[in-house]
Structure formats: C-alpha cells, structure tokens
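Report on the following structure.
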Amino acid sequence: MRVKVIFDSKQGDIINQYIIFCRVFDEQVKLYGRTEKAVRETIRICKNRNVLKEYLAKEEVSTIMFGLMDRERLLEISNMWMREEAQAEGRAEGKKSMARGLFKSGIDLEAIALSAGVPVEQVKKLISEPEPEPTAG
C-alpha cells in the first residue's frame, strides 16, 4: 500500500490555499485560543491574501466555523465537568475508605469527625454504607 502525504502543493491551487488557510488558523488559535476572534482573524487574513477568498466571502462558511468552534468548546466543557465529577467521586470514596479504616483501627467516631471536619452523623453514614466491590484488572 502506498500513501501520499500532501504537505504543500502548487502555488495558488485549491489544496495549497487550504493548507495556507489551516496554517493561518493554527496561528490564530495559538494567539487567541479556540475563539470567535481566531475565526474572524483567520477569515480576514485569508481574504486579504486571496486565500480561499471566494469561499470565505460566503456567510455560511463563518457560520459553519463558529458552529464547529462552539461544538468543540461544548465538548471541552463537558469533558472538564466529567473530570471534575470523577475527581469529586474519587475524593468521596477516599474519605469513606479512610473513615472506615480509622474506625476499624479503633478510633472513635468523634475523633474521626473532628479530623475530617464533618458531623459525627456524616461519619456514621459513611461507615454504614456498603464498601464497593473490588474491580478486576
């Protein structure tokens, strides 16, 4: 099997213009992040350089680019929330495990509650919850 990698093309053809467009976009993202300003600047610069000018003059191109940027931003935010949620769950499991361990080693509930900065009732609840099943792996 042979693979042809296009890293540049003939000056002025559509492939060359698209490569230039991508490079300009990458530069603007480095400057402004994945923002509306990066998209607007990319379009402005490329139009001034006559790169994909006839395509970039169409309003739907901007709309599509903004839509893609919004989708990427939503995915980034969603992933961030998922990571934060997983970290919070991990911290909660760690607290439960620590409370159980301290209780099993003979530390009284009041001391555990005081060291954790939570009410005794919360420690009782943590200790009474079933321990998670170990996962194979």
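Observations on the model:
- Residues that are loosely packed, with under 13 Cβ neighbours inside 10 Å and either under 30 Å from residue 34 (Cβ atoms) or β-branched (Val, Ile, Thr) (or both) within the range 92-131 are absent altogether.
- Flag for residue 86 being of a type in the set (Gly, Ala, Ser) and under 30 Å from residue 128 (Cα atoms): yes
- Residue within the range 66-74 that is part of a helix (DSSP H, G or I) and modelled with pLDDT of 75 or more present: no
- Across the range 90-116, the qualifying residues are those that are among the polar types (S, T, N, Q) and within 40 Å of the chain's Cα centre (by Cα), and the one among them that is nearest to residue 128 (Cα to Cα) is 97.
- Scope the range 7-62; condition in a helix (DSSP H, G or I), surrounded by 12 or more Cβ atoms within 10 Å (Cβ to Cβ) and at pLDDT below 80; matching residues: 61, 62
The values are calculated or read from the model by the stated rules, or taken from the named source; none is laboratory data. As the structure is a computational prediction, the values presented were derived from the model and not from experiment. No Cβ is skipped: glycine too gets one built from the backbone with ideal geometry, and neighbour counts run over all protein chains shown.
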